[in-house]
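The values are calculated or read from the model by the stated rules, or taken from the named source; none is laboratory data. Keep in mind the model is a prediction, meaning the values are calculated, not measured. For neighbour counting, all protein chains shown are included, and Cβ atoms are generated from backbone atoms with ideal geometry for every residue, glycine included. The accessibility values were calculated without ligands, DNA or RNA, using every heavy atom of the protein model including side chains. Shrake-Rupley method; radii C 1.70, N 1.55, O 1.52, S 1.80 Å.
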Amino acid sequence: MRTFVAALSIGAAALLALPAYAAGSHSGGHDDEMAIGKPGEAANVARTIKVVMSENDDGAMLFSPAAIQVKAGETVRFKIVNDGETAHEFVMDSMDEIQEHMALMEKFPEMEHADANAIRLEPDNFGEIIWSFTKPGSFEFACLIPGHYESGMHGPLTVASK
């Protein structure tokens, strides 16, 4: 009986951990093409956009530039720098997906990302995303760490027709 109870407890613990794991991996993964495009290849990069994440003395959390414009068919290297004093993220997606992801982050604030369209950086660190924008449309980039979006850390990402 004790063995059965122990096995049941382990099974229940594993099932409870599944939502957190699933939240971190985003079912279906981001290797497939998304509405905003797909991971790009360095050999196809047309230009580089530097994105700086920071906070100001008033408590606002900022991206510079505040808006990004690219063209459909363009592959861009984003060089992302965290000049702030706290961890920040850079996530690109459709507005609906950004809102859905933000709700997940509220439930699982320490969620790790393994998504090609996102990067999380500690203060004084940098990284990059290479992305191919395949279709025109209006999208968004944001920091989805709880409270950061509400503090102003988001902006429009417009993909213009060729």
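Key figures for this structure:
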| item | result |
| --- | --- |
| Matching residues, region 28-74, being among the basic types (Lys, Arg) and surrounded by 11 or more Cβ atoms within 10 Å (Cβ to Cβ) | 38, 50, 71 |
| Single condition residue 108 does not satisfy, out of (1) under 21 Å from residue 83 (Cα atoms); (2) open to solvent by 20 Å² or more (accessible area, probe 1.4 Å) | (1) |
| Residue count for region 105-143, restricted to those that are within 19 Å of residue 52 (Cβ to Cβ), over 10 Å from the mean Cα position of the chain (by Cα) and among the polar types (S, T, N, Q) | 1 |
| Leading residue by the ranking (nearest to residue 63 (Cα to Cα)) among those in region 137-162 that are assigned to a loop (DSSP other than H, G, I, E, B) and of a type in the set (Gly, Ala, Ser) | 152 |
| Any pair with Cβ under 6 angstrom, 6 or more apart, that starts in region 87-107 at a residue that is farther than 22 Å from residue 32 by Cβ and ends at one that is among the charged types (D, E, K, R) | 87/122 |
| Selection count where residues are β-branched (Val, Ile, Thr), under 16 Å from residue 153 (Cα atoms) and touching a helix residue (DSSP H, G or I) at 6+ places or on another chain (Cβ under 9 Å), scope region 56-114 | 1 |
| Selection status of residue 156, surrounded by fewer than 21 Cβ atoms within 10 Å (Cβ to Cβ) and closer than 20 Å to residue 55 by Cβ | no |
| Residue in region 113-135 that is surrounded by fewer than 16 Cβ atoms within 10 Å (Cβ to Cβ), under 18 Å from residue 71 (Cβ atoms) and touching a residue at least 60 places away in the same chain (Cβ under 8 Å) present | yes |
